[in-house]
Number of protein chains: 2
Amino acid sequence: MKRNVYLNMKSIEAARQIMFDQFPGADESGAEDIDSVDALGRILAEPAVAALSAPNYHAAAMDGIALDAKLSFGASDDEPKILVSGKDAFWINTGHVMPEGTNAVIMIEHLNVIDSVKNGSSNGSSIEINSPAFPWQNVRKMGEDIVATELIFPRGHKITSYSLGALIAGGVFRVSVKKKPKVLIIPTGSELKSWQYANDNGLKPGDVIDSNSWVLGALCVEYGASFESHAIIHDEIEIIMDAVREATLSSYDMVFIIGGSSAGSKDYAKPVIDSLGEVFVHGVTMMPGKPLLFGKVNEKPVFGIPGYPVSAVVAFEQFAGPLLLKMHGLNPAAKQRETIDVVPARKIASKLGVEEFLRVKIGSVDGRFMASQLPRGAGSITTLTEADGIIRIPPHVEGIAEKEIVKAELIRPLAAIEDTVVITGSHDNTLDLLADQICRTRPGVTISSSHVGSMGGLMAIRKKTCHVAGSHLLDPEDGSYNISYIKKYLPGERVWLVNLVMREQGLIVAGGNPEKIKGLDDLKKKELVFINRQGGAGTRVLLDYKLKELGMTPADIRGYENEEYTHMSVAVAVLSGRADAGMGIYAAAKALSLDFIPVFTESYDLVIPDRFFHTEKIQVLLETIKTNDFKKRVGELGGYGTETTGEAILLES
Amino acid sequence: MKRNVYLNMKSIEAARQIMFDQFPGADESGAEDIDSVDALGRILAEPAVAALSAPNYHAAAMDGIALDAKLSFGASDDEPKILVSGKDAFWINTGHVMPEGTNAVIMIEHLNVIDSVKNGSSNGSSIEINSPAFPWQNVRKMGEDIVATELIFPRGHKITSYSLGALIAGGVFRVSVKKKPKVLIIPTGSELKSWQYANDNGLKPGDVIDSNSWVLGALCVEYGASFESHAIIHDEIEIIMDAVREATLSSYDMVFIIGGSSAGSKDYAKPVIDSLGEVFVHGVTMMPGKPLLFGKVNEKPVFGIPGYPVSAVVAFEQFAGPLLLKMHGLNPAAKQRETIDVVPARKIASKLGVEEFLRVKIGSVDGRFMASQLPRGAGSITTLTEADGIIRIPPHVEGIAEKEIVKAELIRPLAAIEDTVVITGSHDNTLDLLADQICRTRPGVTISSSHVGSMGGLMAIRKKTCHVAGSHLLDPEDGSYNISYIKKYLPGERVWLVNLVMREQGLIVAGGNPEKIKGLDDLKKKELVFINRQGGAGTRVLLDYKLKELGMTPADIRGYENEEYTHMSVAVAVLSGRADAGMGIYAAAKALSLDFIPVFTESYDLVIPDRFFHTEKIQVLLETIKTNDFKKRVGELGGYGTETTGEAILLES
């Protein structure tokens, strides 16, 4: 009966409480003694108490003579005192032991040696001083840095590079540190292939490479634990059962079953834990990561980790990770991320009743941090690798209004975000190339680009959510690019228009062009399916312009209403057979070995407000596109011209 | 001739420019191919470009039926459509391959199966749907996450745990990463002993344990490099010369000579580099770290690193470290620390003409970050291990006024500083014990204590620079502790007075009490030297009170004017023979195996302003001192009573 109570969905807080309550002694886990010099990054399990003082003797802190200070009392310019070297005063170098009976050092610069004998070897020479020394001047006293028996670091202290210095100087050559918790990771699922298998055999449709094991293993390492990976287990409950039983009876401190943590008929994580031990949490009101499972087998924590990559990461960071930190004697909240205030670039909807973890890109624009939402799909690991931060929307909140200030947890450091050029607008492959090339001009400066079409880019400039817009908007009236649109949509804005490349636009068709498509005309054939770009995209404007020239209408083209957001996804649609043709650039066709029928050469420009133009990061960008290296790499892509690359004009509209 | 120009002292900026100019190609250093799964934390030397799409097929994103969406067009509650399973519609589970000819999934919850056949195995059963599906609904399209040929990460990207997921999912199983630069560390100096030697043989006066090698090695690791340590070389120029020559001709990318970088007669780093190669920088206007030396031997950078531990760290972080980062393809400024605004608790003097690196403790008090200066000595590694931050005072600035807002670079994370209880005032060994014990109550909460005497503690409360003052101020009028002082010096302040311990004060004398000292009376003997505590210390107030009772004056006691700031340093003064007796607590005497003659039992209290009393970290502290564990450990120190520990009264003065 009691068990069923746990099987309701739990909030993150409630589920976490249950988890910690089940392992109240987690922080009492083992310790081991190691050499201090091997302890970088480890956590002290016992306080480190000095065994030696540092310095362990009274040491001269200057070159000069050591003396008993009271012999110098009364010395002045008028009445200098004369000291006899070897009797009253002793030549000494920095770091050397103060002779018995001395308690001060007078610097060599302040001495007047009367007998001309060599420093350091003289006995009986006379030295004149003309000011008194006070006791302990220029002396590093025994224990000045560390006193033996003193606490150097309390338990729980994390050993840094500096710490090693204090431990060694204090004579603490061995330390008791927390053992690293050891995790066994068991990937399950009939669709899974190891990366080695994929490398040797390639993938068939339906195959998925197991990447979760490696991401979770790396997270374990980052949380101070160690890990081992079990071989992939297909959906066979008995084998999963054996693996979990064996792991919980051996030296592992925690077990992850990846995949099958949901409530379907082939989801074996729950029945496995149920039959070997007890399930305490099944389902948490968070997204991604809802099907999280937590239980106990042979007194060891066992997690069912959902198989979607982002869900797996959230499950780790909200549950398994904090428990590992506690096992390591650390604050379970130790890995909590820094938060900053951000402004959503557009309204964000959210589901009531679950806590959402929205991945966002963040740009520092005009002193505000603008957050642009990445796709929500838990299956897309790139929504995490491209994210600068995470906005958490609590269960009772239904959404966030545009420009409502909210907190974002930072994934990338703030300094890196400040050094990022935010480019919004039309997509072009040369932007990827630019992102790769820019770090050769100045490491640290990065590019973050979002693909919303040319018009979306101009709107982003207007809404002050980006630094640069990528645009190739044709004016059908005069054949010019971008200028008339800027005048119309960015009134009053001083912007620079910089040519990035000239590029060919055309029809992307299957390799070998099986349908023998020669131009836009052929799209009228009803057996052909077209894939379009979204409204506002420069390519769409171009298509519509060309169709008009040809006297065609959208109704003439089957699939005109199917929209994709980038050149590459148009190419993928053709490659996969979803469409027979799409409008796009040569580079996208070439990248996927598709055929390309040129239709037009157009100008792809960068639109940059004047107030950003002179900032360092934009100058680094402009410098980069003018390099021969960049132009050469653009040329190698094919379908581009770089004759006007870098040419800039200032528009004041 | 040209060389001498370089030998003038240089500013940090100028010296750094010279260093980078000497190695313009540092960032072009080697790369190596490794398995992606081993690449956590490494830096990409080449862009990572997707070899596979993820997903690599159109996949169902829900359990249900796959169909061609157009078969569902027009379906409604009034006019449902009937699909034949196996012909029009196909049962499918999440993640599975979409059958040929289908482009949408309808969730199982929205279906009405007319013939009662088992899911998944039925052929020819009828399924009723009553709303249309739109194309690609509930389908994860091929390439939705990653499109083959797309840039996954640009060169210079640092591989995180998340990155591993994108690399593996994108079929990038091997990556080209920057080689780790390899550093040879050569410790030099006749006074140096290895820690292993010290462990086996102990130390004689004049011996110094080599800790710098380990600190610098750990710093190399933290900067992404690897290191090896040479055996200690005594002050023998030929051997140092051989070691540097050999290292620069082998596979090392950089060499450190620790010690002997100054201009004295036994400072061999400069002559060694001079004769093997060229010296470019000798002396930088920074403190600590002034005697930094930089040169080139066999086209490899060689640094002369000053031997004082803090100087060595500054030299690394300002010079060798940034060059290592550049060699690793990173921004040389990548390790620059976050800065915050801090308020110095008192005026800070500074030397014109050098850039000073002042180590400070930082406390978050009343919404301001108060910075208290630690000792300046470059020989004290604890000034770094205890520091929360560093205030850099530029060469042209002579000092910082009290309460002048300045920037501090953070050594500890801001969150840790926020969680720190700042205790200022009298020192007691039970504070160390409390610092060790508190993390058992709640990991993350830490204590930072500064020792300025009881009166200094009350002044810190008044100046709002601490949360808690440790105080044992006796009122000679009524024999009470602290209360009358609080009324006098903290008027209008609501504070809590919490007893930490009762403790014995007495005379600390040499082991075996060779001078047969029985009490304060004996201090009148002129052959005895006393060591005193500083004015304002509770122990000093107690001494003066007792002397008055005995009818004695300061003039009766030789050494009354010699002051120390803690009980332990008084004990060290006695241990080292600098003094015959000092006033202090039993624990300090016991710790150094000295004798103790009890004089008095006094109350050692914590003074806590009411506005802090109810904060979480103070409550954690109060909870900790009430635990039996804490009281037991205090008892074990000896000389303490804990009967009233934790008793609190509120004073409104």
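When region A:87-109 is limited to residues that are in a loop (DSSP other than H, G, I, E, B) and in contact with a helix residue (DSSP H, G or I) (Cβ under 7 Å, 6 or more places away or on another chain), the one that is nearest to the other protein chains (Cβ to nearest Cβ) turns out to be A:Asn103. Of all the criteria given as (1) surrounded by fewer than 18 Cβ atoms within 10 Å (Cβ to Cβ); (2) modelled with pLDDT of 95 or more; (3) of a type in the set (Asp, Glu); (4) touching a Ser or Thr at 6+ places or on another chain (Cβ under 9 Å), the one not satisfied by B:Glu228 is (4).
Restricting attention to region A:67-74, does a residue exist that is facing chain B (nearest Cβ under 9 Å) and assigned to a loop (DSSP other than H, G, I, E, B)? Scanning region A:67-74 turns up no residue that is facing chain B (nearest Cβ under 9 Å) and assigned to a loop (DSSP other than H, G, I, E, B).
If we keep just the residues of region A:558-570 that are not in a helix (DSSP H, G or I) and not acidic (Asp, Glu), which is nearest to A:Ser603 (Cα to Cα)?
The first filter runs over region A:558-570 and keeps only residues not in a helix (DSSP H, G or I), leaving A:558-566.
Subsequent filtering for residues that are not acidic (Asp, Glu) retains A:558-560, A:562, A:565-566.
Details: A:Arg558: 28, A:Gly559: 27, A:Tyr560: 24, A:Asn562: 25, A:Tyr565: 19, A:Thr566: 17 Å.
Among those that are not in a helix (DSSP H, G or I) and not acidic (Asp, Glu), it is A:Thr566.
Being farther than 30 Å from A:Met142 by Cα and crowded, with 18+ Cβ neighbours inside 10 Å holds for only one residue in B:Lys180, B:Lys193, and it is B:Lys180.
Only one entry in B:Ala555, B:Ala573, B:Ala588 is in a helix (DSSP H, G or I), over 14 Å from A:Thr149 (Cα atoms) and within 11 Å of chain A (Cβ to nearest Cβ), namely B:Ala573. For A:Ala555, the criteria (1) free of Cβ contacts under 8 Å to residues at least 40 places away in the same chain; (2) surrounded by 20 or more Cβ atoms within 10 Å (Cβ to Cβ) hold in every case but one, which is (2). Out of B:Thr627, B:Thr645, B:Thr566, B:Thr601, one residue alone is surrounded by fewer than 21 Cβ atoms within 10 Å (Cβ to Cβ) and under 25 Å from B:Leu490 (Cβ atoms). It is B:Thr645. With respect to (1) more than 7 Å from every other protein chain (Cβ to nearest Cβ); (2) out of contact with any Gly (no Cβ under 9 Å at 6 or more places or on another chain); (3) farther than 18 Å from B:Ile381 by Cβ, the lone exception for B:Ala169 is condition (1).
Conditions (1) within 29 Å of B:Met9 (Cβ to Cβ); (2) among the hydrophobic types (A, V, I, L, M, F, W, C); (3) in contact (Cβ under 8 Å) with a residue 40 or more places away in the chain; (4) surrounded by 24 or more Cβ atoms within 10 Å (Cβ to Cβ), marked per residue:
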| site | (1), (2), (3), (4) |
| --- | --- |
| B:Tyr223 | yes, no, yes, yes |
| B:Met241 | yes, yes, no, no |
| B:Arg245 | yes, no, yes, no |
| B:Ile258 | yes, yes, yes, yes |
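Any idea which of (1) out of contact with any Leu (no Cβ under 7 Å at 6 or more places or on another chain); (2) more than 7 Å from chain A (Cβ to nearest Cβ); (3) in contact (Cβ under 8 Å) with a residue 40 or more places away in the chain is the one B:Ser194 doesn't satisfy? Unmet for B:Ser194, out of (1) out of contact with any Leu (no Cβ under 7 Å at 6 or more places or on another chain); (2) more than 7 Å from chain A (Cβ to nearest Cβ); (3) in contact (Cβ under 8 Å) with a residue 40 or more places away in the chain: (3). Can you tell me which residue within region A:312-364, out of those that are of a type in the set (A, V, I, L, M) and part of a loop (DSSP other than H, G, I, E, B), is farthest from the other protein chains (Cβ to nearest Cβ)? Here the residue is A:Ala345. Under 30 Å from the mean Cα position of the chain (by Cα), surrounded by 24 or more Cβ atoms within 10 Å (Cβ to Cβ) and under 30 Å from A:Asn429 (Cα atoms), is that true of B:Leu164? So B:Leu164 passes the test. Within region A:451-473, the residues that satisfy the criterion of being part of a strand (DSSP E or B) and under 18 Å from A:Lys617 (Cα atoms) are A:Val468, A:Ala469, A:Gly470.
Return yes or no: is A:Val572 under 30 Å from A:Ile438 (Cβ atoms), crowded, with 21+ Cβ neighbours inside 10 Å and out of contact with any helix residue (DSSP H, G or I) (no Cβ under 7 Å at 6 or more places or on another chain)?
Details: under 30 Å from A:Ile438 (Cβ atoms): yes; crowded, with 21+ Cβ neighbours inside 10 Å: yes; out of contact with any helix residue (DSSP H, G or I) (no Cβ under 7 Å at 6 or more places or on another chain): yes.
Yes, satisfied.
Residues checked against (1) under 30 Å from A:Ala54 (Cα atoms); (2) over 22 Å from the mean Cα position of the chain (by Cα); (3) modelled with pLDDT of 95 or more; (4) assigned by TED's automatic domain parsing to the domain that holds B:Ala218:
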{"site": "B:Glu299", "(1), (2), (3), (4)": "no, yes, yes, yes"}
{"site": "B:Val302", "(1), (2), (3), (4)": "yes, yes, yes, yes"}
{"site": "B:Pro309", "(1), (2), (3), (4)": "yes, no, yes, yes"}
{"site": "B:Ala334", "(1), (2), (3), (4)": "no, no, no, no"}
{"site": "B:Lys347", "(1), (2), (3), (4)": "yes, yes, no, no"}
{"site": "B:Glu356", "(1), (2), (3), (4)": "yes, no, yes, no"}
{"site": "B:Arg359", "(1), (2), (3), (4)": "yes, no, yes, no"}
{"site": "B:Asp366", "(1), (2), (3), (4)": "no, yes, no, no"}
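The condition (being free of Cβ contacts under 8 Å to residues at least 24 places away in the same chain and either part of a loop (DSSP other than H, G, I, E, B) or within 18 Å of the chain's Cα centre (by Cα) (or both)) is satisfied by just one residue among A:Pro375, A:Pro395: A:Pro375. Within region B:103-129, the residues that satisfy the criterion of being farther than 10 Å from B:Leu83 by Cα and modelled with pLDDT of 90 or more are B:Ala104, B:Val105, B:Ile106, B:Met107. If you go through region A:432-450 and keep only what is within 21 Å of B:Thr149 (Cα to Cα), within 12 Å of chain B (Cβ to nearest Cβ) and either in contact (Cβ under 8 Å) with a residue 60 or more places away in the chain or among the charged types (D, E, K, R) (or both), you end up with A:Asp432, A:Leu433, A:Leu434, A:Asp436, A:Gln437, A:Ile438, A:Ile447, A:Ser448. Residues satisfying the criterion are present in region B:78-97 (criterion: closer than 20 Å to A:Glu191 by Cβ, surrounded by fewer than 20 Cβ atoms within 10 Å (Cβ to Cβ) and at pLDDT below 90).
Scanning region B:44-64 for residues that are at pLDDT below 95, at negative phi and not in a loop (DSSP other than H, G, I, E, B) turns up B:Val49, B:Ala54, B:Ala59, B:Ala60.
Among the residues making up region A:260-276, those that are without any contact (Cβ under 8 Å) to a residue 40 or more places away in the chain and assigned to a helix (DSSP H, G or I) are A:Lys270, A:Pro271, A:Val272, A:Ile273, A:Asp274, A:Ser275, A:Leu276.
Residue check: A:Thr539 meets all listed conditions (1) closer than 19 Å to A:Ala589 by Cα; (2) part of a strand (DSSP E or B) but one, namely (2). The set of residues in region B:215-254 being away from every other protein chain (no Cβ under 14 Å) and in contact with a Phe, Trp or Tyr (Cβ under 7 Å, 6 or more places away or on another chain) consists of B:Ile237, B:Ile240. Quick check: is even one residue across region B:407-424 at negative phi, away from every other protein chain (no Cβ under 13 Å) and in a loop (DSSP other than H, G, I, E, B)? No, every residue in region B:407-424 fails to be at negative phi, away from every other protein chain (no Cβ under 13 Å) and in a loop (DSSP other than H, G, I, E, B).
Residue check: A:Gly206 meets all listed conditions (1) within 23 Å of A:Gly379 (Cβ to Cβ); (2) within 7 Å of chain B (Cβ to nearest Cβ); (3) modelled with pLDDT of 95 or more but one, namely (3).
Scanning region B:504-521 for any residue that is more than 30 Å from B:Arg611 (Cβ to Cβ) and in a helix (DSSP H, G or I) turns up at least one such residue.
The values are calculated or read from the model by the stated rules, or taken from the named source; none is laboratory data. A quick note: this is a predicted structure, and the numbers were derived from the prediction, not measured. No Cβ is skipped: glycine too gets one built from the backbone with ideal geometry, and neighbour counts run over all protein chains shown.
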